[in-house]
1. If I ask for residues that are surrounded by fewer than 19 Cβ atoms within 10 Å (Cβ to Cβ), touching a residue at least 12 places away in the same chain (Cβ under 8 Å), in contact with a strand residue (DSSP E or B) (Cβ under 7 Å, 6 or more places away or on another chain) and more than 16 Å from residue 36 (Cα to Cα), which ones from region 59-97 would you list?
2. Considering only region 1-100, give the helices (runs of 4 or more DSSP H) lying wholly within it that have at least 3 residues that are at pLDDT below 90 and under 24 Å from residue 119 (Cα atoms).
3. Applying the selection to region 101-119, what residues are surrounded by 12 or more Cβ atoms within 10 Å (Cβ to Cβ), free of Cβ contacts under 8 Å to residues at least 40 places away in the same chain and part of a strand (DSSP E or B)?
């Protein structure tokens, strides 16, 4: 009987541990343009943009937007050239990895694609 209780207790702890790990892995904040634009990486908020990236992709169709529309939505890019805007996303919660959102423009300054890359 004692062994059965120990197994049940360990099973519950294992499930709780996995739940905590998954919660940290898949934190999903709603996209907030003002927070995105004003975010500064800090110990308190090392991943705020990363946590909003799923909501951004699901709720804002980036492909087809103009450069001005992207700037209105995401603010001034951290890096840019004629065909690419790069936004730093912060830590990905996968060890010490960081990531970037790369927004790619065609010759008419319309978003043709975007991708998330390791920083």
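The values are calculated or read from the model by the stated rules, or taken from the named source; none is laboratory data. As the structure is a computational prediction, the values presented were derived from the model and not from experiment. Ideal geometry is used to build each Cβ from the backbone, glycine not excepted, and the neighbour counts take in all protein chains shown.
1. Residues satisfying the conditions are 63, 64, 66, 67, 83, 84, 97.
2. 2-25
3. 102, 104, 105
Condition check ((1) out of contact with any helix residue (DSSP H, G or I) (no Cβ under 6 Å at 6 or more places or on another chain); (2) within 20 Å of residue 29 (Cβ to Cβ)) across all residues:
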residue: 41; (1), (2): yes, yes
residue: 45; (1), (2): yes, yes
residue: 65; (1), (2): yes, no
residue: 86; (1), (2): yes, no
residue: 90; (1), (2): no, yes
residue: 97; (1), (2): yes, yes
residue: 108; (1), (2): yes, no
residue: 116; (1), (2): yes, yes
